[in-house]
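Asker: Here it is: the structure, laid out below.
The values are calculated or read from the model by the stated rules, or taken from the named source; none is laboratory data. This is a predicted model, so every value here is computed, not measured. Cβ sites come from the backbone with ideal geometry, for glycine too, and all protein chains shown count toward neighbours.
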Amino acid sequence: MRNLVVKWVLGLVLLGMWLVPGAARAQQAGDEPKKYELGGITVSGARYLDPNTLIGLTGLRVGDAISVPGEEIGKSIRKLWAQGILGDVSVTIARIEGNKIFLDYNLKERPRLSKFTFTGIRSGQKEDLTKKITLIRGKVVTDALLNNTRTQVRKFFVNKGYLDAKVNVVQVADSSLSNSVALRIDVEKGSKVRIHDIAFEGNKAFKDSKLRSKFKKTKERKPYKFLTAGKFQRSEYEEDKKKLVEFYNAEGYRDATIVSDTLIRDEKGLALRIKVDEGPKYYFRHITWSGNYLYDDKTLANVLGIKPGSPYSKEILDKRLNYNPTGQDISSLYLNDGYLFFTIDPVESKVEGDSIDIEMRLSEGVQAHIKDINIAGNTKTSDHVLRRTLRTLPGDKFNRELLIRSQREIATLGYFDPEKIGINPVPNQADGTVDINYTVVEKPSDQVTLSGGWGGYAGFIGTVGLVFNNFSLRKAGTLRNWTPVPAGDGQRLSLNVQANGVQYQAYSLSFTEPWLGGRRPNSFSFSLNHSVQRTGAALDAASDQFIKVNSATVGLGRQLRVPDDYFTLSNSLSYSQYQTQNYPVIPGASTGTFNNITLNTTLARNSIDNPTYTRRGSSLSLSLSLTPPYSLLNPDHPSNNQWIEFHKWMFDASWFTPIVGKLVLNTRAHFGFLGTYNSNKEIGPFERFKMGGAGLGYNGGGNYLVGTDYVGLRGYDDPGTAYAIPTAQGQQAGGIAFNKYVLEMRYPVSLNPAATVYVLAFAEAGNAFDSYQNYNPYKLYRSAGVGARVFMSAFGLLGFDYGHGFDSVVPLNAGGAKQDPNHFHFIIGQQIR
């Protein structure tokens, strides 16, 4: 900047010398500046800049009256300098014709950037810096550009803990291009400087360790804190200081302040010394209400829930007034009844000693009714699919609780990014109405399902499937809608192929319409399945050993209103035919044709907030599967399973509880029981339970063959392997009862809808039993471990778990080999139950 000023001053001096001959002497002699009419402006020395643009930047126009000497020319020079694109400017008089003067601006352009390089840093850091700094080839190299580059590079390394980083930007002439320079950015990072100590002064109510825990980003680096970076960032430190004051305020210390803070540099690194003034601790005393007509003081006080003598906290007061995540608050009391224009203003009416009186000043207003519902952002999904899920309808009273419920219903559709669902009520107090604007962002919901597993009989089982979660049968008749398939009406179409050559094959097709008739959420579904598994040496010989299964299912479901509308009741009727020939894995049913007619009824309640990464809510399900009671209706009914009979009870429960921030606790319980109607009839080999591993089982997972439910238990082998949990005392049929309990902590790494990632730690226990005489709910196989889940919209769920089994398993045929208690589980396309 100093060089610019010097050049500008010299330019003015030279201008005074180069102007009309004798002008300087005339000025010295006391002559007045002479007035001229500007006859024209020319530009010389400009090679890359447009002359007309430069003339426009001077601010002078042909015909302007200027004085020589005078301020007009000096101002024009300053305007050119202000652009930062010139290295030198001088003005000469080209000629004078009468009272007209012609000026020539002689310019020297600044060089342009041809390239830039880094020295002193790693290649990875070079790539990161290249994305951060704004250096573009061909850009004029100005002082501002050089200073900004130097600042950005140094800030990059300071944020990584290199507080002593030095950056020097050197211009190197580029001979390959005219008027161009290359920038060499020299970096001396130095050593990382970490925070080794954070200490407080003046704190009496809380220990240093308690106050340090309130710093979320600014942490000490200790040998035992190997995951703590210990770096110092000024912006994060300022935020942490605010959090510290907020903590004091929440504990009743409303006057608490940070008096001073010192950053000390020593041989160990950085030490922070923070002096606080806690001030006295205050308490709530009298809370009074004014302006309330709908609810009396006692009702409002009960909802507020703050007792006299409680520590004074603005944070708690605000939660109880406006939004209490753990219960009702004052605002919801009014807003859920339509009083959108309700306001409440807590005023400290009196402060006496350590006690504070609060006066709650209310303005209840009038009830607001919903006028218009506007939806934006659904580029693929039809409007009616969104509108039918909303709990806020035109003409209804405004209700904040139903607004939040509508947001949850949109998220559970699975078609939109749950983190970007926007709700904006636009009130109109003049007519007592409110418009509600919903905004959504579509995300891919269709899936290419790829799954695989390994078992003892079928070997590797691979699955390829297509799942269209937002299908439209209504649009299928128009060719232009096949891009690649008609979509937007919220129907689900699934096609699945599972195979291991000729040894095992399975095909399935299913369709679901969630709103049959379009008026209520009554679902209709049907599915078709065919599978075949062969065993034996000659898989294509006439003496082939096989089981073939053909099945069809039709289902109806509806949403209930009692006890609440989170409940659903679904019923399905299915028919399965099993054809077996010398099939060795089904005791008692190795050859023959077996029929299964089953009625299933499921009562479920689901209140989770987000199906991809759930933070709160629960999912409960009780299902009962019944076949006709043949043996009760006909005592002579054969017991050879030609017409299968059973009753099967399943209960699944899952609760999600937020712990702190995004950390979530998921607790689960699962039970299953299988029985017959006649105590004299043995339970057949169909519809049994097998437990262990990732829940894949020897046939690749699922219940295509004999309806077996495979229940995962991490830390143990999959069923069908040597060290599998010995369900049914070594029989291959499986158990008739099981129970399982899971405790799981989850934390998200990324909530990006394209790839949602979270890590987890788990502890679980379970077992399956071959008879009710052997059933013991306390005899459980226990395990614990860690894992991760990756949900990609195109491929579904990927799971990785590493589990340790605490209880030894008696091997079926391991030949005395020792069991490995550690197991790695890889899951594609399914959840571990």
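Asker: Has region 50-61 got any residue that is modelled with pLDDT of 50 or more, part of a strand (DSSP E or B) and surrounded by 15 or more Cβ atoms within 10 Å (Cβ to Cβ)?
Answerer: no
Asker: Do you know which of the residues in region 108-129 that are touching a residue at least 40 places away in the same chain (Cβ under 8 Å) and more than 38 Å from the chain's Cα centre (by Cα) is nearest to Ser90 (Cα to Cα)?
Answerer: Selected residue: Lys108.
For (1) modelled with pLDDT of 85 or more; (2) buried (at least 17 other Cβ atoms within 10 Å of the Cβ); (3) assigned by TED's automatic domain parsing to the domain that holds Ala82; (4) under 30 Å from Arg265 (Cα atoms), each residue gets a yes or a no:
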residue: Ile121; (1), (2), (3), (4): yes, yes, no, yes
residue: Thr149; (1), (2), (3), (4): yes, yes, no, yes
residue: Asn159; (1), (2), (3), (4): no, no, no, yes
residue: Lys166; (1), (2), (3), (4): yes, no, no, yes
residue: Ser175; (1), (2), (3), (4): no, no, no, no
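Asker: Considering only residues of region 608-643 that are crowded, with 18+ Cβ neighbours inside 10 Å and touching a Gly at 6+ places or on another chain (Cβ under 6 Å), which is modelled with the highest pLDDT?
Answerer: It comes out as Ile608.
Asker: Of the conditions (1) under 30 Å from Leu145 (Cβ atoms); (2) part of a strand (DSSP E or B), His196 fails just one. Which one is it?
Answerer: (1)
Asker: Moving on to the next point. For region 506-522, how many residues are surrounded by 18 or more Cβ atoms within 10 Å (Cβ to Cβ) and either assigned to a strand (DSSP E or B) or modelled with pLDDT of 95 or more (or both)?
Answerer: 4
Asker: Yes or no: region 696-703 includes at least one residue that is small (Gly, Ala, Ser), buried (at least 16 other Cβ atoms within 10 Å of the Cβ), at pLDDT 85 or above and touching a strand residue (DSSP E or B) at 6+ places or on another chain (Cβ under 7 Å).
Answerer: no
Asker: Further question: Could you tell me how many of the residues in region 319-375 are under 29 Å from the mean Cα position of the chain (by Cα) and β-branched (Val, Ile, Thr)?
Answerer: Looking only at that region, the number is 3.
Asker: Right, Leu335: touching a strand residue (DSSP E or B) at 6+ places or on another chain (Cβ under 7 Å), crowded, with 16+ Cβ neighbours inside 10 Å and outside the structural domain of Arg405 (by TED's automatic domain parsing) or not?
Answerer: Details: touching a strand residue (DSSP E or B) at 6+ places or on another chain (Cβ under 7 Å): no; crowded, with 16+ Cβ neighbours inside 10 Å: yes; outside the structural domain of Arg405 (by TED's automatic domain parsing): yes.
No, not satisfied.
Asker: Among the numbered criteria (1) free of Cβ contacts under 8 Å to residues at least 60 places away in the same chain; (2) of a type outside the set (A, V, I, L, M, F, W, C); (3) not in a loop (DSSP other than H, G, I, E, B), which single criterion is violated by Gly138?
Answerer: It fails just one condition, (3).
Asker: Tell me, please, whether a residue that is in a strand (DSSP E or B), modelled with pLDDT of 90 or more, more than 25 Å from Leu620 (Cβ to Cβ) and of a type in the set (A, V, I, L, M, F, W, C) can be found in region 560-568. Before the answer, list the steps.
Answerer: Let us first name the residues in region 560-568 that are in a strand (DSSP E or B), namely 567-568.
Filter once more, keeping what is modelled with pLDDT of 90 or more: 567-568.
Those left that are additionally more than 25 Å from Leu620 (Cβ to Cβ): none.
No; the residues of region 560-568 include none that is in a strand (DSSP E or B), modelled with pLDDT of 90 or more, more than 25 Å from Leu620 (Cβ to Cβ) and of a type in the set (A, V, I, L, M, F, W, C).
Asker: Just give me the residues in region 231-243 being surrounded by fewer than 19 Cβ atoms within 10 Å (Cβ to Cβ), in contact (Cβ under 8 Å) with a residue 12 or more places away in the chain and more than 26 Å from the chain's Cα centre (by Cα), in sequence order.
Answerer: Hit for region 231-243 is Lys241, nothing else.
Asker: How about region 396-452: which of its residues are on the phi > 0 side of the Ramachandran plot and modelled with pLDDT of 90 or more?
Answerer: Gly432, the sole residue that qualifies.
Asker: Also, I was wondering about something else. Would you check which residues across region 246-263 are in a strand (DSSP E or B) and at pLDDT 90 or above and list them?
Answerer: Matches in region 246-263: Thr257, Ile258, Val259, Ser260, Asp261, Thr262.
Asker: Output the residue which, of all residues in region 481-519 that are over 22 Å from Tyr415 (Cα atoms) and β-branched (Val, Ile, Thr), is nearest to the chain's Cα centre (by Cα).
Answerer: Among those residues, the one meeting the criterion is Val497.
Asker: Also: Give the number of residues within region 654-697 that are in a loop (DSSP other than H, G, I, E, B) and touching a Leu at 6+ places or on another chain (Cβ under 7 Å).
Answerer: Count: 6.
Asker: I've got another one for you. Here's a check for you: in region 777-811, which residue that is more than 30 Å from Phe416 (Cβ to Cβ) and of a type in the set (Gly, Ala, Ser) is modelled with the lowest pLDDT?
Answerer: By that ranking, first place goes to Ser808.
Asker: Please specify each residue of region 76-107 satisfying the condition of being surrounded by 14 or more Cβ atoms within 10 Å (Cβ to Cβ), within 18 Å of Pro33 (Cα to Cα) and free of Cβ contacts under 8 Å to residues at least 40 places away in the same chain.
Answerer: Ser76
Asker: Sticking with this one: Whether any residue in region 491-505 is small (Gly, Ala, Ser) and at pLDDT 85 or above is what I want to check.
Answerer: Taking every residue of region 491-505 in turn, at least one turns out to be small (Gly, Ala, Ser) and at pLDDT 85 or above.
Asker: Further, regarding this structure: Does region 532-546 contain any residue that is out of contact with any Leu (no Cβ under 7 Å at 6 or more places or on another chain), crowded, with 18+ Cβ neighbours inside 10 Å and at pLDDT 90 or above?
Answerer: Checking region 532-546: not a single residue is out of contact with any Leu (no Cβ under 7 Å at 6 or more places or on another chain), crowded, with 18+ Cβ neighbours inside 10 Å and at pLDDT 90 or above.
Asker: Okay, next question. Spot the failing condition for Thr676; the list is (1) more than 46 Å from the chain's Cα centre (by Cα); (2) surrounded by fewer than 18 Cβ atoms within 10 Å (Cβ to Cβ), and only one is missed.
Answerer: Among (1) more than 46 Å from the chain's Cα centre (by Cα); (2) surrounded by fewer than 18 Cβ atoms within 10 Å (Cβ to Cβ), the lone unmet condition for Thr676 is (2).
Asker: Would you check which residues across region 350-378 are surrounded by 15 or more Cβ atoms within 10 Å (Cβ to Cβ) and within 23 Å of Thr299 (Cα to Cα) and list them?
Answerer: The answer is Ile356, Asp357, Ile358, Glu359, Met360, Arg361, Leu362, Glu364, Gly365, Gln367, Ala368.
Asker: Report, by residue number, each residue of region 379-398 that is in contact with a Leu (Cβ under 6 Å, 6 or more places away or on another chain) and surrounded by 17 or more Cβ atoms within 10 Å (Cβ to Cβ).
Answerer: Hits for region 379-398 are Thr392, Phe398.
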